[in-house]
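Please read the structure below before turning to the comments.
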């Protein structure tokens, strides 16, 4: 079947079950079956909540040793898996595979409720919990609910002020690993998200999504008072000041107030170049 060798016969027999598809070890909690006993033992930690592998840098815990090993690369900056298309590197092969979808534009996981699409199944599962209202974990400080315990732990750093992720280039610290990954693109100058229609590149996928509305002409944000539509929610917010009469932006030099930052910046130029900054 394969040429892998084993010191003990019991290990060989266990390995052969993989080829035969035999799974004699069932989980009595959920019914999932495994070919090896140690796989069942690791799986049972999902039900028990046992996370014996602790990160010495930030205290995050994991059910598996290999999960901890991949996580520690966030702190060390090690990224051994490199994209052949744009050169971006990743700490584990699964993130590289998901990143590859940025270049193809593929989003193979579709939400049956709202038709929104995602690059991986875990993001789809997170999204579906919003429809289900399944927020099992609540913050003791502000009451905000989260679908996953890991998301709650990330959120709690807002209240504690803890920022365990440090940029090695400038020393700026962040509460989440995803935030430091986005920040580091400022130093590298990398813009991995490319518009297929005009070639313009962006640091973040959200910026690309906003930009693509220019090509599609889609304006998903309507004003409830006059019906005018906008491509971005921020543009709608600025427009609504027309109806409310609100002028939240004021000139530090003369005190005059404006409905938008662009109008304020235009006004500042009337005071001369020294006061435009």
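The values are calculated or read from the model by the stated rules, or taken from the named source; none is laboratory data. The model shown is predicted, which means the values in this text are computed figures rather than measured ones. Methodologically, a virtual Cβ is constructed for each residue, glycine included, from the backbone with ideal geometry; neighbour enumeration extends over all protein chains shown.
Some observations on this one:
- If only residues of region 21-70 that are touching a strand residue (DSSP E or B) at 6+ places or on another chain (Cβ under 6 Å) and within 30 Å of residue 164 (Cα to Cα) are counted, the one that is surrounded by the fewest Cβ atoms within 10 Å (Cβ to Cβ) is 65.
- Exclusive hit being assigned by TED's automatic domain parsing to the domain that holds residue 165, modelled with pLDDT of 85 or more and in a loop (DSSP other than H, G, I, E, B), set 198, 226: 198
- Count of region 135-151 residues, restricted to those that are within 19 Å of the chain's Cα centre (by Cα) and assigned to a loop (DSSP other than H, G, I, E, B), is 4.
- Total residues in region 254-277 satisfying the condition of being part of a helix (DSSP H, G or I) and more than 31 Å from the chain's Cα centre (by Cα): the figure is 12.
- Within region 5-19, the set of residues being exposed (fewer than 10 other Cβ atoms within 10 Å of the Cβ) and within 21 Å of residue 42 (Cβ to Cβ) comprises 8, 10.
- Tabulated pairs, region 229-253, first not assigned by TED's automatic domain parsing to the domain that holds residue 269 and in a helix (DSSP H, G or I), second exposed (fewer than 15 other Cβ atoms within 10 Å of the Cβ) and at pLDDT 85 or above, C-beta under 9 angstrom, 6+ apart or interchain: none
- Considering (1) in contact with a strand residue (DSSP E or B) (Cβ under 8 Å, 6 or more places away or on another chain); (2) loosely packed, with under 14 Cβ neighbours inside 10 Å; (3) under 27 Å from residue 63 (Cβ atoms), the lone condition that residue 122 does not fulfil carries the number (1).
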